[in-house]
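The values are calculated or read from the model by the stated rules, or taken from the named source; none is laboratory data. Bear in mind the structure is a predicted one, so any value in this text is a computation, not a measurement. Cβ atoms come from the backbone with ideal geometry, glycine included; neighbour counts cover every protein chain shown. Accessible surface is based on the protein model in full, side chains and every heavy atom, while ligands, DNA and RNA are left aside. Shrake-Rupley method; radii C 1.70, N 1.55, O 1.52, S 1.80 Å.
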Amino acid sequence: MAVEGNNDSQSSPRFVPQKWDREKGGHFFHTDEGGDVSLGKGNHPAPNRIPSAVPGVITGKLDDLIAMGRSNSLWTLTFGLACCAIEMISTHMAHHDFDRFGIVTWPSPRQADVMIIAGTVVKKMADPIRLLYEQMPDPKWVIAMGTCATSGGPYYKSYSVVMGVDHIIPVDIYVPGCPPRPEALMDAFMKLQSKIKSDAKNGQIDDLSGEQRIAPVAVADAAPVIDAVPAEVPAEETAG
Amino acid sequence: MTTESQFETVDMMLNMGPQHPATHGVFRMVLKVDGEKVIDVIPHIGYLHRGTERLAEVETYGQVITLFDRVDYIANLNNELAFVRAGEQIMEVEAPERAQYIRVILAELNRVASHLLFIGTYAIDLGAMTPVMYGFRERERIQNLFEHVTGARMMHNYMRIGGVKADVPDDFVPWVRQLIGEVRKGVEECDKLLSTNEVFLGRTRGVGVIDGPTAISCGLTGPSLRGSGVAYDVRKDDPYEIYPYLNYKVPVGENGDCWDRYYLRMLECYESLSMIEQCLDQFPEGPIMAAGRRIARPPAGEVFSHSENPRGDLGVYLVSDGTDKPYRVKIRPPSFCNLVGLATMTRGSYIADAVAILGSLDIVLGEVDR
Amino acid sequence: MTEQDPKAAAEAPKEAAAPAEKPARHGPPIVIAEEVLNERGEQTAAQLASTLGTLVLDSAGREDNPWVRVDAKELHAAAKKCRDGEIGMDMLNLMLAVDWVDRIQMIYVLYSTTNNRKVILKADLPAESPAIDSLTDLWEAATWYERETHDLFGVDFPGNSDMSPLLLYEGFEGHPGLKSYPLNDYEEW
Ligand code: SF4
């Protein structure tokens with residue numbers, strides 16, 4: 001359902017569950033790379049796929065390990081813009097329970113990893129969104145949820161709506177739908193997780209940080225929101 | 001001895017939003033504070049101004065219904081109903097009885113869903129984490145039914161000028177009956193958990209008081225106005241659809257504080273559930289769409305119609321020039337008007353109470369900014 | 001009042017030689033609705049007429065919503081009479097502007113919570129530099145409505161102290177509520 005953006009590297013191996021084969025025994029999974037992977041059977045653990053020099057010692061790239069950690073504890077910025085935010089909240093709540101992916105919301109951009117643009121981005125809101133994005137520490141990812149954040153959606157004729165949040169900040173995953181179902185958002189997060197892992201494998205992680213990520217789009221006629229704040233307020237507090 | 005007046009004090013400006021978890025969206029307010037006390041509140045809105053009213057002028061009547069879904073995105077069906085009724089008035093058609101019953105059942109269910117969301121998020125604002133889980137659990141059940149009937153969880157586009165899009169599925173009545181039982185239990189759970197909680201009472205009783213005449217002058221409607229003791233409910237005072245055939249009470253508060261506004265919504269949930277039961281008992285057979293042309297091309301003229309949305313009096317002023325697109329659509333947004341009262345309520349309270357007061361108004365930014 | 005057909009409008013400049021004519025509108029003829037008040041509406045209308053007296057220029061109504069048109073200069077007086085008179089319109093329910101291209105019409109929907117009646121006041125303003133007295137001293141609800149109308153239609157409200165943009169932002173050019181304001185097709189922003 002979700003579409004990956006900015007990712008022209010090869011996709012990560014995908015596991016396709018196979019029927020349990022009585023002949024072979026155990027549970028087997030077929031991978032894109034070819035070959036089967038055993039999950040082990042009964043008390044016998046599966047043979048280790050990761051090459052190990054010494055028995056009982058696993059070796060791997062540190063990048064992989066970090067990516068594993070990152071992808072399994074994505075903290076999203078508590079930030080709802082419009083109708084899509086309601087579905088986003090639904091995803092976090094009892095029935096769909098986003099916590100099981102390690103995804104929790106955090107109200108401050110300073111500790112957040114992912115920003116879900118859940119809703120219509122209007123020109124007045126463009127500057128605060130950019131500010132919030134810049135306040136987030138690297139590495140950071142953006143999910144454009146819904147057609148509004150992707151392309152303006154039902155408001156594409158409007159005089160005050162930004163035609164997609166990618167005019168302001170770079171986007172990693174686009175989720176179609178108006179609003180996308182909670183399942184679609186979950187799928188987007190799974191795509192993001194695999195993207196993080198595969199980026200680490202392919203050495204893309206360095207490109208993700210730094211100035212290049214900020215699209216060179218002039219936000220000329222955006223609302224001068226920060227100027228409107230009374231002088232006593234330091235700029236950091238504008239993010240709430 | 002030094003007195004306080006000998007020190008020079010400076011009012012501080014404190015900015016909240018537009019990204020702030022307690023502002024329920026992209027609302028921004030600047031508090032002028034003296035220590036912990038709020039002296040003045042300057043609300044800033046428009047961070048979700050999508051130009052709905054102007055867009056409605058270039059879309060046909062059928063398409064405008066989809067825009068209304070997105071105006072108040074927590075009570076979508078109530079919004080559709082408001083526009084569809086205005087359209088019916090200007091077209092001079094009347095929906096058949098069965099369609100009216102379907103609409104009222106769905107609208108009342110949506111009211112419950114909306115209030116459940118309010119109860120949950122309000123509890124979060126005040127520091128209670130559990131009710132929101134209960135609220136959303138019940139809301140999810142209601143959304144499942146909506147999906148079954150209309151095909152969508154949120155943006156239904158189900159009502160039409162002169163009826164509804166499609167008849168309800170065969171298992172609608174038993175499903176709704178079962179749903180009501182479940183939801184009622186869930187509401188009771190939230191009620192028990194929250195309404196008599198010491199901490200909750202301490203945070204809401206006597207906070208954000210607004211008296212009746214001021215509330216009317218500010219244009220407050222819905223539970224926010226009824227909390228101040230003014231019994232104004234469009235369903236009773238200007239009856240529409242099949243509401244006159246139903247037996248229900250409109251709860252009215254006394255003190256005009258946050259607790260009254262909160263508890264009214266809780267009581268309204270029970271009332272709505274019993275209204276739906278009555279509707280199911282009376283549920284007639286028959287057509288679901290008025291006879292006539294499918295494409296709306298009303299005569300030139302103007303109508304004003306309003307209906308009761310979970311947040312208050314939702315009005316639609318429709319001007320037609322005789323073509324298939326409205327000439328002007330003006331929405332009377334209840335949350336927008338309720339926000340006018342925010343400054344009056346908040347002056348003189350503490351900063352932490354500002355969050356409680358804002359939450360008790362139950363604003364939806366899509367409707368405030370349109 | 002008639003909607004211009006976009007094709008006809010686009011072709012119009014080419015035939016500059018012919019005297020500028022309104023392009024013909026396609027589609028069925030426009031029907032104008034009859035305005036009929038019901039019984040309840042008649043009562044309210046009578047009450048309203050007696051409250052406003054000579055201020056009324058024009059009046060009609062539909063269903064139970066009678067409307068009267070008053071002079072723009074008299075609107076404040078008329079609204080005050082409605083609020084304080086026997087008719088007791090204590091709530092400013094809605095306020096809007098309609099752009100009729102040659103004029104801007106202000107419409108005020110007043111509601112009485114005591115006897116559940118509503119009346120509609122209308123006032124015509126010129127299309128160029130429209131201005132009308134503010135109602136903020138009568139109803140607090142008018143403050144935001146007026147700021148919004150100022151944003152979208154450019155109507156001035158002498159008497160309202162705060163006229164900063166509400167829905168739009170500082171530096172927004174034009175008044176997007178007006179019919180002359182272009183709506184974009186896809187714009188690369
Ligand atoms: S995509 Fe649809 S649901 Fe999401 S914010 Fe836009 S209009 Fe609302």
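Residues of the stretch C:91-122 that are β-branched (Val, Ile, Thr), within 12 Å of the chain's Cα centre (by Cα) and at the interface with chain B (Cβ under 9 Å from one of its Cβ atoms): C:98, C:107, C:109, C:120. All conditions but one from (1) within 25 Å of residue C:61 (Cβ to Cβ); (2) away from chain C (no Cβ under 14 Å); (3) open to solvent by less than 10 Å² (accessible area, probe 1.4 Å) apply to residue B:256; the one that does not is (1). For the stretch A:70-88, the set of residues classified as assigned to a helix (DSSP H, G or I) and away from the ligand (no atom under 16 Å from the Cβ) consists of A:70, A:71, A:72, listed by residue number. Hey, can you tell me all the residues within the stretch A:89-126 that are away from the ligand (no atom under 16 Å from the Cβ), more than 9 Å from chain B (Cβ to nearest Cβ), surrounded by 19 or more Cβ atoms within 10 Å (Cβ to Cβ) and in a helix (DSSP H, G or I)? The one that is away from the ligand (no atom under 16 Å from the Cβ), more than 9 Å from chain B (Cβ to nearest Cβ), surrounded by 19 or more Cβ atoms within 10 Å (Cβ to Cβ) and in a helix (DSSP H, G or I): A:98.
Taken over the stretch A:127-145, the criterion of being touching a residue at least 40 places away in the same chain (Cβ under 8 Å), more than 11 Å from the ligand (Cβ to nearest atom) and either assigned to a strand (DSSP E or B) or closer than 12 Å to residue A:163 by Cα (or both) is satisfied by A:141, A:143. Which residues, taken from the stretch B:213-223, are closer than 23 Å to residue C:137 by Cβ and touching a residue at least 60 places away in the same chain (Cβ under 8 Å)? Answer for the stretch B:213-223, where residues must be closer than 23 Å to residue C:137 by Cβ and touching a residue at least 60 places away in the same chain (Cβ under 8 Å): B:214, B:215, B:218, B:219, B:220, B:221. When the strands (runs of 3 or more DSSP E) confined to the stretch B:1-114 are screened for residues that are modelled with pLDDT of 85 or more, those reaching at least 1 such residues are found at B:28-34, B:37-44.
Within the stretch B:332-360, restricting attention to residues that are in contact with a Leu (Cβ under 9 Å, 6 or more places away or on another chain) and within 9 Å of chain C (Cβ to nearest Cβ), the residue that is farthest from residue B:11 (Cα to Cα) is B:332. Restricting B:112, B:26 to residues that are within 9 Å of another protein chain (Cβ to nearest Cβ) and not acidic (Asp, Glu) narrows the list to B:26.
Determine if the stretch B:77-90 includes at least one residue that is more than 16 Å from the ligand (Cβ to nearest atom), of a type in the set (Val, Ile, Thr), in contact (Cβ under 8 Å) with a residue 12 or more places away in the chain and open to solvent by 10 Å² or more (accessible area, probe 1.4 Å). Within the stretch B:77-90 (the criterion being more than 16 Å from the ligand (Cβ to nearest atom), of a type in the set (Val, Ile, Thr), in contact (Cβ under 8 Å) with a residue 12 or more places away in the chain and open to solvent by 10 Å² or more (accessible area, probe 1.4 Å)), the answer is no, since none of the residues qualifies. Just to be sure, is residue A:106 farther than 18 Å from residue B:25 by Cα and among the aromatic types (Phe, Trp, Tyr)? Here the answer is no, as residue A:106 does not meet what is asked. Residue count for the stretch B:193-229 under the criterion of being among the basic types (Lys, Arg) and open to solvent by less than 10 Å² (accessible area, probe 1.4 Å): the result is 1.
Listed here are the residues, each with its yes/no results for (1) farther than 16 Å from residue B:303 by Cβ; (2) not in a strand (DSSP E or B).
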| residue | (1), (2) |
| --- | --- |
| C:53 | yes, yes |
| C:86 | yes, yes |
| C:107 | no, no |
| C:110 | yes, no |
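When the stretch A:167-184 is filtered for residues that are within 11 Å of the ligand (Cβ to nearest atom) and β-branched (Val, Ile, Thr), only A:175 remains. Could you give me the residue pairs with C-beta distances under 6 Å whose first residue belongs to the stretch A:96-122 and is over 15 Å from residue A:184 (Cα atoms), whose second residue is in a strand (DSSP E or B) and open to solvent by 40 Å² or more (accessible area, probe 1.4 Å) wherever it lies, and which are 6+ apart or on separate chains? Filtered contacts from the stretch A:96-122: A:104/A:75; A:106/A:75; A:112/A:75; A:112/A:106; A:113/A:75. A single member of A:172, A:199 is at pLDDT 50 or above, more than 14 Å from every other protein chain (Cβ to nearest Cβ) and under 17 Å from residue A:132 (Cα atoms), and it is A:172.
If you go through the stretch B:147-171 and keep only what is of a type outside the set (Ser, Thr, Tyr) and either within 16 Å of the ligand (Cβ to nearest atom) or without any contact (Cβ under 8 Å) to a residue 24 or more places away in the chain (or both), you end up with B:147, B:151, B:152, B:153, B:154, B:155, B:156, B:157, B:165, B:169, B:170, B:171. The residues listed here are B:285, B:277, B:308, B:302; of these, the one that is in a strand (DSSP E or B) and open to solvent by 20 Å² or more (accessible area, probe 1.4 Å) is B:302. Here is a check on your reading of the model: is residue B:102 of a type in the set (Val, Ile, Thr) and more than 11 Å from chain A (Cβ to nearest Cβ)? Spelling it out, residue B:102 is indeed of a type in the set (Val, Ile, Thr) and more than 11 Å from chain A (Cβ to nearest Cβ). Quick one: is residue B:117 open to solvent by less than 20 Å² (accessible area, probe 1.4 Å), away from chain A (no Cβ under 13 Å) and part of a helix (DSSP H, G or I)? The answer is no for residue B:117. Within the set C:114, C:143, the sole residue that is open to solvent by less than 60 Å² (accessible area, probe 1.4 Å) and out of contact with any Lys or Arg (no Cβ under 7 Å at 6 or more places or on another chain) turns out to be C:143. Residue check: is residue B:232 in contact with a Ser or Thr (Cβ under 8 Å, 6 or more places away or on another chain), open to solvent by 10 Å² or more (accessible area, probe 1.4 Å) and part of a loop (DSSP other than H, G, I, E, B)? It is false that residue B:232 is in contact with a Ser or Thr (Cβ under 8 Å, 6 or more places away or on another chain), open to solvent by 10 Å² or more (accessible area, probe 1.4 Å) and part of a loop (DSSP other than H, G, I, E, B).
For the stretch B:190-207, a tally of residues being within 22 Å of the chain's Cα centre (by Cα) and among the β-branched types (Val, Ile, Thr) returns 2. Within the stretch A:146-166, restricting attention to residues that are at the interface with another protein chain (Cβ under 7 Å from one of its Cβ atoms) and assigned to a loop (DSSP other than H, G, I, E, B), the residue that is farthest from the ligand (Cβ to nearest atom) is A:159.
Would you mind stating whether residue B:182 is part of a helix (DSSP H, G or I), within 16 Å of the ligand (Cβ to nearest atom) and more than 22 Å from residue B:333 (Cβ to Cβ)? For residue B:182, the condition - part of a helix (DSSP H, G or I), within 16 Å of the ligand (Cβ to nearest atom) and more than 22 Å from residue B:333 (Cβ to Cβ) - is not met.
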